[in-house]
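Worksheet: the structure to be examined is printed underneath.
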Amino acid sequence: MSDSIQTIPVNTFPPYAVSIGPGLLSACGPQLREIVGPCHMAVVTDSTVAPLYLDTVARSLRDAGFAVSSYVFPAGEGSKNFETLSAILEFLAEERLTRTDCVAALGGGVTGDMAGFAAAVYLRGIRCVQLPTTLLSAVDSSVGGKTAIDLKAGKNLAGAFLQPAAVLCDTGCLSTLPAAVFADGAAEAIKTGVLCDESLFSLFEDGTLTAAPGEVIARCVAYKAGVVERDEKEQGERRLLNLGHTVGHAIEKCSGYAIPHGHAVAAGLAVIARSAEALGWTEEPIAARVAACLAKNGLPTGTAYGAAELAHAASADKKRAGADITLVIPKKIGVCALKKMPVAELLPVIAAGLEG
Ligand code: GLY
């Protein structure tokens, strides 16, 4: 394997590796054959990614001896539903995939979630490999085994945990991303910086993300791998990765999913940082610094939705347990904490973080 490829182990059960570097899609066949063995590989992708990379991936897989079939669904969060899931499952059955076969999720966060969920439930679970093509899926969603679809009541409300057999993150894909899609991934990377440490966060303040995305992806993945290894099923520490997501998911839902996930998370992160500071929960001022960093990376720092509609939308969030919800509170860069509170108290907390 090339020297420019970094490999991050994820020691879950079973363990797997995340490979990060250029050229991984065109060379995916031999690498995946070593990991999953010869089998039928069903490549699931969307209408944006298919014209860019499907032929490359399918050719490499076929050349390595895989039987290959592919399913393409319309791109966008609007496809992340039961209809698409059902269509993918019917496709896997028509293609007669068996328990020794494998699904490859080729694309961004929606594709990873959809294809991963289909693999998790088809024949009660077959293997899946993640081939992320966006920054968002590279730094966050392709790693850790969360899969889901949205329900009318809210985001990611039905899903399963299925750790992938491998993640191949081809950094060459990042150069074709439109600026807004790149920024979407920057939001999850900045979130990781706020959670993780000052040195990672400061990379986003000085623009290193665009200059050296592979380095940044590797650092984000290494941090996430550690969290997932300690708390695979999100019973405790992994909840920290939801920083910015309670308000972020509410913004997505209020917009009818017109606002993309990363942009909504950015706004949610800015809101919770301002709330935490205004309510005296931070150890040092961070709200202005977080907002400046988000803005520098082309991301929003607020939302037009009001506290009441956001609190109502957030009340269906899956981070709710009975009458309580657990928020992730940034205390300073590199230190965040979980705070459980009655759902009824969410409204004043959100209100404290809205601008103006
Ligand atoms: N995206 C948050 C997690 O994987 O837990």
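Each value in this text was obtained by applying a stated rule to the coordinates, not by laboratory testing. Please read these numbers as outputs of a predicted model, since none were measured by experiment. Every residue, glycine as well, gets a Cβ built from its backbone with ideal geometry; the counts of neighbours run over all protein chains shown.
Please compute P(r) over all alpha-carbon pairs of segment 105-216, binned at 5 Å starting from zero, and give each bin as a whole-number percent.
P(r) for segment 105-216, in whole percents per bin: 2, 12, 21, 20, 18, 13, 8, 3, 1, 0.
With N set to the number of residues, divide the alpha-carbon radius of gyration of segment 80-155 by 2.2 N^0.38 Å and report two decimals.
1.05
Take the chain, connect every pair of alpha-carbon atoms lying under 10 Å apart with a spring to form a Gaussian network, then pick out the residue of P342, P213, P164 with the largest mean-square fluctuation.
Of the options given, P342 has the highest mean-square fluctuation.
Would you work out which of T134, P14, A295 lies farthest towards the positive end of the dipole of the chain? Charges go on Cβ: Lys and Arg +1, Asp and Glu -1.
Most positive-ward Cα: P14.
Just need the Rg to Rh number for the chain, please, alpha carbons only, Kirkwood Rh. Spell out each step's value before the answer.
On the way: Rg = 19.5 Å, Rh = 20.3 Å.
Using Cα coordinates only, the ratio equals 0.96.
In a shell of Cβ-Cβ distance under 14 Å around I329, excluding I329 itself, what net charge do Lys and Arg (+1) and Asp and Glu (-1) give?
+4
Only Cα pairs within less than 10 Å get springs; with that Gaussian network setup on the chain, which residue of V247, V18, V121 has the largest fluctuation?
Maximum among the listed residues: V121.
Say we join alpha carbon atoms closer than 10 Å with springs in a Gaussian network model of the chain; which of L177, L54, L85 then has the biggest fluctuation?
Sorting by GNM fluctuation, first place goes to L177.
Could you work out the relative contact order of segment 145-287, using alpha carbon pairs under 8 angstrom and six or more residues apart, expressed as a whole percent?
19 percent
Over segment 1-75, what number does the Rg to Rh ratio reach, with both radii from the alpha-carbon atoms and Rh per Kirkwood?
0.99
From the alpha carbon gyration tensor of segment 158-261, can you work out the equivalent ellipsoid semi-axes (sqrt of 5 times each eigenvalue) and give them in Å, largest to smallest?
The equivalent ellipsoid of segment 158-261 has semi-axes of 21, 19, 16 Å.
Once you compute Rg and the Kirkwood Rh from C-alpha atoms, what is the Rg to Rh ratio for segment 187-321?
Radius of gyration over Kirkwood radius for segment 187-321 works out to 0.96.
I want the local charge near V139. Using Cβ-Cβ distances under 12 Å, sum +1 for each Lys or Arg and -1 for each Asp or Glu among the other residues.
Summing Lys/Arg as +1 and Asp/Glu as -1 gives -1.
Can you give the calculated 222 nm mean residue ellipticity of the chain, where each DSSP H run of n ≥ 4 adds -39,500 (n - 2.57) and the sum is split over every residue, rounded to the nearest 500 deg cm²/dmol?
Values: 13 runs with 146 residues, N = 356.
Calculated at 222 nm, the ellipticity per residue is -12500 deg cm²/dmol.
Quote the relative contact order of segment 204-264 in percent (integer), defining contacts as alpha-carbon pairs under 8 Å separated by 6+ residues.
The value is 16 percent.
Can you give the relative contact order of the chain as a percent, counting alpha carbon pairs under 8 Å and 6+ residues apart?
Values: 742 pairs, mean separation 54.2, N = 356.
Here the relative contact order equals 15 percent.
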